[in-house]
1. Suppose we take every Cα in the range A:96-166 and form the convex hull; what volume per residue is that in Å³?
2. Other chains' Cβ within 10 Å of C:168-174 residues: what's the mean?
3. Output needed: percent of Cα pairs per 10 Å distance bin for chain C, bins running from 0 to the one holding the longest distance.
4. Who wins for biggest fluctuation among B:250, B:270, B:102 in a Gaussian network model of chain B, springs between alpha carbons below 10 Å?
5. Distance between the C-alpha centers of the range D:1-68 and the range A:271-292? Whole Å please.
6. Please rank C:217, B:220, fewest neighbouring Cβ atoms within 10 Å first, as an exposure proxy.
7. Can you give the calculated 222 nm mean residue ellipticity of chain A, where each DSSP H run of n ≥ 4 adds -39,500 (n - 2.57) and the sum is split over every residue, rounded to the nearest 500 deg cm²/dmol?
8. Please report, for residue B:130, the nm distances (one decimal) from its label point, 7 Å out from Cα along the beta-carbon direction, to the equivalent points in the remaining copies, shortest first.
């Protein structure tokens, strides 16, 4: 089995790396806080002390880091791995980052005979642990083929969106836009229901078990109906980051996205009202307040 | 089996009445254009020549007519059935009408010892034919219980939203709002994809088979990706009617619904551009045009 | 001088009728609450006890009533004046009503050899008292010419928008839309200023004395900067009525008006938050709250 | 009279520098394209060959450059003037730049005993030539006082928005937001008028001579009524830059600005339709097209 470098052992990255180990890959891991690597090392992973050490020349490196800035740092920063990965290597980037940085890094690798595969993932930590993520990927055909076993080991399905470096990133941020739109629209629907005397949870149950009986509605309908402040699946501030990513990609392609703009305003408002550290479904509270309901 | 009157034999009403016959009810039907009743009469339905003739005093009448105006007409108009249905009767209204008229008719019946059950349906004609509709209902408990077999005969599930006369209507128009929001949001997502070089149909396939693998997305994703002008499942103008219904209900309850307002503008614009007779998913063409794409 | 009937002696109508008296017209007035006519009668007006009594056959009647419903009532209701005004008469309607009712009444008169002139006014009661209203009018050319002295007596200027019965009404509701948009936009501007540490009133002063030094900004900027709950120039609920009027006219002409839709949501939200009885500039409070500011 | 450095001799900067000369200041100018300095040199200005040469230690430098990037370059770039301006010097920045860069530069100067005064201007080239600009300023009190004669020489009025470095920039971008909102709202108003058979130019004339008789409406109403493709007062792409500036400032302060978001979508759409090189009032064409009108 091939050797794979893995950078970023957060809530998503750690279980993803675990699945690579399980699938038999020889995995070298790096994390800014090395303590997070312990469980992996116990199962046989090698621990690198700097990003560049995870890379074997011509090998494969998977990154799962927070954002464009962190990606740039581990890749091209002072101790970044890209130089060493070098010719014939493949960088598999699974983070939700901008199409821009994907295109830039892709160009950087292309000039050096290396390859960049955008492979952002859909799914929460439990899905990552169960290897039940959905992965969307784009990049050079041969590189995608080579890393297919790596992607398979972490997911229940991989969807190919062509050779364009940023394509998969656009699909990823468009997908997060769709999820956020569901939160907003359910909030509006339940609020008009509530003020007409209808039980919000009954609406949630109806929609998510009939025409909208799919994971996104099943994940969010109950939380939109009755907000649970202790559940933070996806931070409000990260939601704003992602909506900004899709709006930036859209602006560069000269595409107006009016619902995305509206969601951006909603998230900004939620942050303004002190909800930045809550799950992004807390925008349902804003929707209710705009109708004069107290929460 | 109980005798049931049925008014309105359009694309939805006719197969719904068929299912009542199949379930063993004695059905008396009325339609403005009596020719549409032929298949039902062949299978044993009685044909009434005026709305009031479908009603048996204290019996059950199901209506499936176009809108508030038509409902008012067949119910309380010169040859309306409500007077004759009278004390102890139940009017089951399955149309998408305003919560207002539901509340008004409910009050009318209540004063005369009759009952009104709002029971709008979700589903297209094929679902109606297969008795696979979803029905949301509201009204007096005893009346709902009495007509439960009638609703069961036409649907794969009945959801109860309480005693409020207009409750089920609010849920219905909120549901249509949710469906329309899906069309708009998929349109925005696919357009930002297209202008980034991504195949719209690939996006449609990805979303509708993974996190959004439910009927609404499965019904609309492909049509939003590649609009088919020959398919008219739900008219643009009816879409506007329904969004106006939810916005009216929301205004009366002092609930702002910004996405619904945006959808209203989108539908108005589509009609302004000559698309009033197309399926409402043709708003995807407007979204594309706003990004400078030609169709 | 010609005899003129005048119906509707509210905050606007009373001073308008006063100005007709001052200009030398023989004025017969009617108001639902006859007490309001006292000052006019003292100055020589005749008091009618029913709407129809204000009309002389072939004469002129000016109406300034609350809305479509009141207009219909005084015109075509049981004691309405239109029948008596009859052939050759001119009905000058100065209220903010729908283009629809203007077109309908215009057709009614046309069939009987009478005329309808839409002549809604811009300005508050003090402007009405000072004969400083602006009047926009539309209707048959000859009728407009005949009533020109009447309009002149109440205004500082009359603008002609053609023969279409509802034209002037469209201009009027479009104008109120523009005013409301100013309130919203100033609110957004001052709120981004406030949260950046800038004095709202300084912004109000700057804009309304430089590039926006016109009545609308001068009237509203200070009130948007520091809301005064005791000042009610124009009721929130009337604002919603007027925005609904422009949106209805726009929908019928298949024109999307996204800012108008946004204003509608804002007004609905303000009403939902209990501000229906405040001046419509209180939407500035909603804008501030959406940014997390407390008022 | 004090010596003043001036950087940026574009359509705005050149006449502004002329007015400093006229007022008796000793002016040293710099422009990337030195040819543009000829008329100024003819009237006594000194020409510098690099930005730093315009600065006298402890003196005053006025900049009027395109954007954040150009400002950073002439100030802190390899041949930037800030270092030489040094202790006691005042940098007067008249460009429309972000509050962020204002705050950053202000901090840079403060650490070195220098001062930064934000002084963006409202007005077009003819106003600049006539010394009829409006200037909004913010920064340290003493520095503002010292440069008051400089600002006076270029304007018809100076408004002080406090000591916060970015305050004046916030007011400036908020002002451009207000102007753009006027274009959008007039477009909506005239389009509902047009489709009701009303002359757009008559509406433009009415509004801009009555309740909206101020420069912004007077400048834009006619152009919104009948778009003139040969007139480019303010580029669509610059409009988008400025709306993005206000939205960024708003996001950082957690202020939702729904109308600004809508304007952003409108500008993006206009650019998507190939109108990026037109005056930003060309968004009126988009508004008309959304209503099905052909232009």
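Values quoted throughout were computed directly from the atomic coordinates according to the rules given, and no laboratory measurement underlies them. Small disclaimer: the values here were computed from a predicted structure and weren't measured. Heads up, the Cβs are rebuilt from the backbone with ideal geometry, glycines too, and the neighbour counts pull from every protein chain shown.
1. Numbers: hull volume 5.4 nm³, N = 71.
Enclosed volume per residue, from the Cα hull, is 76 Å³.
2. Working: counts 1, 1, 9, 9, 0, 2, 12.
What the average comes to for C:168-174 is 5.
3. Reading upward from the zero bin: 6, 27, 31, 21, 11, 3, 0.
4. Per the Cα network of chain B with a 10 Å cutoff, B:250 tops the list.
5. 50 Å
6. On the way: C:217 26, B:220 23.
Ranked by crowding around the Cβ, least crowded first: B:220, C:217.
7. Numbers: 13 runs with 148 residues, N = 295.
Computed mean residue ellipticity for chain A: -15500 deg cm²/dmol.
8. 2.7, 7.2, 7.3
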